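Here the structure is laid out as structure tokens; the discussion comes afterwards.
The values are calculated or read from the model by the stated rules, or taken from the named source; none is laboratory data. Given the structure is predicted, the values throughout are model-derived calculations rather than measurements. Counting neighbours? That spans all protein chains shown, and the Cβs are built from the backbone with ideal geometry, glycine included. Ligands, DNA and RNA are excluded from the accessible area calculation, which covers all protein heavy atoms including side chains. Shrake-Rupley method; radii C 1.70, N 1.55, O 1.52, S 1.80 Å.
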Amino acid sequence: MEFKLTKEQQLIQSVARDYAEKAIAPLIEEIVEKNEVPDEIIDGLKDLDLFALPISDEYGGAGAGYASYVLAEEQLSRICPGVAVIVSVNNVGAAAMSIFGTEEQKKKYLPMGTTGSGVFSFAFTEPGTGSDPKQITATADRDGDYYVLNATKRFITNSSYEGPIIVFARDTETGHINGYIVDKFCEGYSISEPWKKMGVRGAPLYDVYLKDVKIPKDNILGGPGQGFWILKVAMALGKIGISSIFLGAMLAAYEEGLTYATAKTHRGAPIAKFQAIQMAIADMFMKYEAARWMAYRIGYLADNAQDKGDILKDSAAAKIFITETAIDVARIALNIHGSYGLMEDYKISRVWKDVIFGSQVEGVSHLLKVLIAGEILKG
Ligand SMILES: Cc1cc2nc3c(=O)[nH]c(=O)nc-3n(C[C@H](O)[C@H](O)[C@H](O)COP(=O)(O)OP(=O)(O)OC[C@H]3O[C@@H](n4cnc5c(N)ncnc54)[C@H](O)[C@@H]3O)c2cc1C
């Protein structure tokens, strides 16, 4: 057991931290205001090989694995969770394609989300269902050598960028849920106005409409009948991204709490002199350290799993613990700020609105606890 980063991991962590501080931080007000990340930030991440860290270099990724990915995502999210969410969802789609795609699909689509001008989307949520994919109503009708897709998909990240979107829909002939690969902005593809999202600004959500979208019959990811398994594996990997993102947001909260405690004075001395504030600082430290090692470990487990499906239980546990702990830490940091923390002039107010997202995405906590217990009881 070694609790230390390799030289390569240290380098990736510092490149991500540096880029976040120098290129993203100066634009943060604009990103939050417009709920949009400028294209040059995405291009910059691609140039630095930070956009598709776990994807094989054969297809334009960095081939650096999930442990490095966790480190980079934490640093990006420490400055802007929205940027880290764009990266995370790109990697969910790209990872699903890396694992389940045919060679032809990988050659055609993966470079779009690694070095090219595209960004992956991954669409399962609908107005009627998020947590329960068995209720998916999107349809795929076989028509000779094609499928014709009709769907309304809700809250879809990266759907305004060009590139591939993996759409989960039911084959009306077989009843199977499959993942269908669609080129965004093809004929029949459109998106709604962006949702007015309270936090994680910069990664806007849209509803996606597919109206009689025609795709070749071979554009089923992993072949017919694999949809649920692909969803499970991709979501397990997606939870690594979400864990890292909310670890980064937690770190931002911790740092803001600490800075305020040492800067704000009462009777001429920093409020950090108060024992209550010292306990709050210790609580933030303990929670961040516990969450950090849980996040780093899940990256390590993913890198060492023969079958990525083996990390289902651990990635769900990490995701629940880290996203809920991020709320705890932000709450402590907010308390340290007194009323100032409620003012938008203070960064902690933004972090507070960000951390609340973690437990609602990539599997709500209740459902994931049921999944974890099911795996444990299976023995
Ligand atoms: C920032 C963000 C990005 C997103 N990006 C995407 C994306 O790119 N692609 C995509 O497809 N979706 C995306 N989503 C949607 C998100 O994944 C879903 O909202 C999420 O899966 C929860 O679904 P729901 O909102 O329909 O909640 P529901 O499934 O309706 O759940 C509501 C509540 O019911 C309870 N519940 C439901 N089922 C169970 C159960 N079986 N056992 C116990 N309790 C249960 C839970 O308490 C839950 O909190 C995104 C959402 C956000 C906020």
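Could you tell me whether residue 207 is of a type in the set (Asp, Glu), more than 22 Å from residue 118 (Cβ to Cβ) and in contact (Cβ under 8 Å) with a residue 40 or more places away in the chain?
It is false that residue 207 is of a type in the set (Asp, Glu), more than 22 Å from residue 118 (Cβ to Cβ) and in contact (Cβ under 8 Å) with a residue 40 or more places away in the chain.
Within region 218-245, how many residues are outside any helix (DSSP H, G or I) and small (Gly, Ala, Ser)?
3
Could you please let me know if residue 202 is within 19 Å of the chain's Cα centre (by Cα) and not in a strand (DSSP E or B)?
Against the criterion (within 19 Å of the chain's Cα centre (by Cα) and not in a strand (DSSP E or B)), residue 202 qualifies.
Determine which member of the set 356, 327 is of a type in the set (Val, Ile, Thr), out of contact with any Pro (no Cβ under 8 Å at 6 or more places or on another chain), open to solvent by 50 Å² or more (accessible area, probe 1.4 Å) and within 16 Å of the ligand (Cβ to nearest atom).
Checking each option against the conditions leaves just 356.
Pick out, from region 45-133, the helices (runs of 4 or more DSSP H) lying fully within it that include 3 or more residues that are in contact with a Gly (Cβ under 8 Å, 6 or more places away or on another chain) and within 16 Å of the ligand (Cβ to nearest atom).
65-79, 81-100
Tell me yes or no: at least one residue of region 273-290 is within 17 Å of residue 359 (Cα to Cα), open to solvent by 60 Å² or more (accessible area, probe 1.4 Å) and either in contact with a strand residue (DSSP E or B) (Cβ under 8 Å, 6 or more places away or on another chain) or part of a helix (DSSP H, G or I) (or both).
Taking every residue of region 273-290 in turn, at least one turns out to be within 17 Å of residue 359 (Cα to Cα), open to solvent by 60 Å² or more (accessible area, probe 1.4 Å) and either in contact with a strand residue (DSSP E or B) (Cβ under 8 Å, 6 or more places away or on another chain) or part of a helix (DSSP H, G or I) (or both).
Suppose the filter is assigned to a helix (DSSP H, G or I) and of a type in the set (Lys, Arg); does residue 22 pass it?
Judged against the criteria, residue 22 is a match.
What are the residues in region 330-348 that are surrounded by 12 or more Cβ atoms within 10 Å (Cβ to Cβ), touching a His at 6+ places or on another chain (Cβ under 9 Å) and outside any helix (DSSP H, G or I), if any?
346
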